[in-house]
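K.L.:
This structure is in structure tokens; I'll ask about it shortly.
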Amino acid sequence: MKLAMIGFGQAGGKILDKFLEYDERTGSNIVRAAVAVNTAKADLMGLKRVPKENRVLIGQARVKGHGVGADNELGAEIAEEDMDEVQGAIDSIPVHEVDAFLVISGLGGGTGSGGAPVLAKHLKRIYTEPVYGLGVLPSQDEGGIYTLNAARSFQTFVREVDNLMVFDNDAWRKTGESMEGGYADINEEIVRRFGILFGAGEISPGGEVGESVVDSSEIINTLSGGGVSTIGYAAEEVQTEKKGLLSRFKGDDDADGIDAANTTNRITSLVRKAALGRLTLPCEIEGAERALLVLSGPPKFLNRKGIERGRKWLEEQTGSMEVRGGDYPVSDSKYVASVVLLSGVTNVPRIKELQQIAIEAQENIEEIQNQSEANLQGLVEDGDDELEPLF
Ligand code: GDP
């Protein structure tokens with residue numbers, strides 16, 4: 001699947017850079033265009049792979065390249081004001097060659113948190129291609145303002161995109177590790193999952209041949225209908241060398257028979273591990289509206305029977321009637337990996353918590369506003385013509 005990726009804010013830019021590195025390393029060619037947008041000049045300069053001409057510094061008149069801190073309202077305002085500059089960079093993208101847009105952003109900060117939903121709305125107005133979001137939730141120990149930003153940004157972002165794929169830093173942080181080192185590992189995990197998922201729909205013509213290759217329309221159909229998505233992953237190393245003498249003496253049929261059963265069992269257990277292990281956004285998989293299962297690895301370790309069993313198992317576990325599955329043959333890989341995309345998930349504790357925070361903040365805002373109006377009214381009624389500062 002070919003994507004135009006736009007990284008908004010620092011996290012967005014760094015994850016986009018990682019996707020480009022992944023593409024380079026694996027030759028998967030998912031990122032057809034890469035644009036990074038930020039209010040902080042230093043963050044844009046720190047990127048390694050996003051082409052210089054595709055790094056867009058917005059808000060120069062307001063914040064002079066110094067960023068917006070954690071003020072996501074300012075981030076949103078600047079994105080609105082300077083959308084023409086972002087569009088200027090997007091104009092250079094051969095949009096007819098891409099299957100979808102992917103807007104990537106951390107939701108806890110200021111620039112991406114405020115700007116990514118504004119950009120998604122803009123893209124949806126202009127283009128017919130689907131617009132997906134990859135939103136990163138802050139870890140709990142970052143503090144209240146980050147959680148509040150994420151709560152508000154999440155609500156807007158999920159409304160503006162065709163599907164919001166979520167990664168929760170909180171579920172992935174490791175204790176005792178520096179933030180930067182931690183993010184490098186986390187970003188690697190993010191890109192590995194999304195790389196296999198999107199790479200699956202991108203087998204070049206005349207390239208690898210699998211039994212039932214996933215194509216981009218299956219990814220798009222799984223993501224259609226909106227809502228929130230999460231991804232699971234599991235992998236196992238496999239011996240790719242030719243069979244030893246011993247198994248040849250035993251007779252090929254026999255050995256192949258054992259191999260086929262092993263292959264099927266390996267696949268079904270990898271599907272379970274992926275769906276029941278740590279998801280990018282932890283949740284109950286039961287109730288997911290749609291799912292897609294991708295098995296990647298050397299073709300001789302992939303078979304239709306295993307994928308079909310894995311698919312059936314996912315149907316039972318999710319209760320969904322819309323579970324797709326297929327393979328992504330990668331001959332030179334040493335691993336068989338399973339990626340499970342669960343779309344339209346509803347039972348997500350972290351999202352419920354964020355929604356609650358957003359509601360409370362909303363109530364508080366009203367309270368503060370009501371209080372201010374009452375004070376104002378009181379002052380006017382008192383016949384004071386000079387208004388005193390409220391605080
Ligand atoms: P912005 O530049 O104002 O949009 O803010 P940042 O992107 O710097 O930070 C927003 C949030 O993203 C933070 O609260 C962190 O939770 C998260 N974050 C920052 N950098 C990274 C990163 O490299 N990887 C991941 N996974 N999350 C990050």
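A short reminder: the numbers here are calculations on the coordinates, not readings from a lab. Keep in mind that this is a model prediction, so the values were computed, not measured. Backbone-built Cβ (ideal geometry, glycine too); neighbour counts: all protein chains shown.
K.L.:
Could you list ILE219, ILE104 so that the one with the fewest beta carbons within 10 Å of its beta carbon is first and the one with the most is last?
P.N.:
The fewest-first ordering by Cβ neighbours comes to ILE219, ILE104.
K.L.:
May I ask you to sort ASP185, ASP259 by Cβ crowding, counting other Cβ atoms within 10 Å and putting the fewest first?
P.N.:
Ranking ASP185, ASP259 by Cβ neighbours within 10 Å, fewest first, gives ASP185, ASP259.
K.L.:
Still on this structure, please answer the following. How charged is the neighbourhood of ARG324? Take every other residue with its Cβ under 13 Å from the Cβ of ARG324, and add Lys/Arg as +1 and Asp/Glu as -1.
P.N.:
Local charge sum for ARG324: -4.
K.L.:
Let me ask something additional. Along the Cα-to-C-beta direction of GLU236, a point sits 7 Å from the Cα; which residues of the range 323-367 have their amide N less than 20 Å from that point?
P.N.:
Within reach of a label on GLU236: 325-341.
K.L.:
Shifting gears a bit: What size of dipole, in debye to the nearest 20, comes out for the range 5-92 about its Cα centre when the only charges are +1 on Lys and Arg C-beta atoms and -1 on Asp and Glu C-beta atoms? Write down the numbers at each step before the final one.
P.N.:
Numbers: 11 positive and 15 negative charges, 110 e Å.
Magnitude of the dipole: close to 520 debye.
K.L.:
Also, quick follow-up: Evaluate the distance, in nm, between pseudo-label points positioned 7 Å from the Cα of LYS41 and of ASP215 along their respective Cα→Cβ axes.
P.N.:
4.9 nm
K.L.:
Which peptide among 126-136, 230-240, 292-302 comes first, and what is the full order, when sorted by highest mean count of other Cβ atoms within 10 Å?
P.N.:
Answer by packing, highest mean first, reads 292-302, 126-136, 230-240.
K.L.:
Taking the alpha-carbon centroid of each part, what is the distance from the range 102-138 to the range 303-318 in angstrom?
P.N.:
Measuring centre to centre over Cα atoms gives 33 Å.
K.L.:
Once fully extended, how much extra length lies between ALA171 and ASN265, figured as 0.36 nm per residue of separation less the alpha-carbon to alpha-carbon distance?
P.N.:
Here the segment from ALA171 to ASN265 would lengthen by 30.9 nm.
K.L.:
What net charge do the residues around PRO138 carry, taking every other residue with its C-beta under 13 Å from that of PRO138, with Lys and Arg at +1 and Asp and Glu at -1? Provide the component values of the computation, followed by the final result.
P.N.:
Values: positive: ARG152, ARG173, ARG350; negative: ASP141, GLU142, ASP168, ASP170, GLU353.
Every neighbour counted, the sum reads -2.
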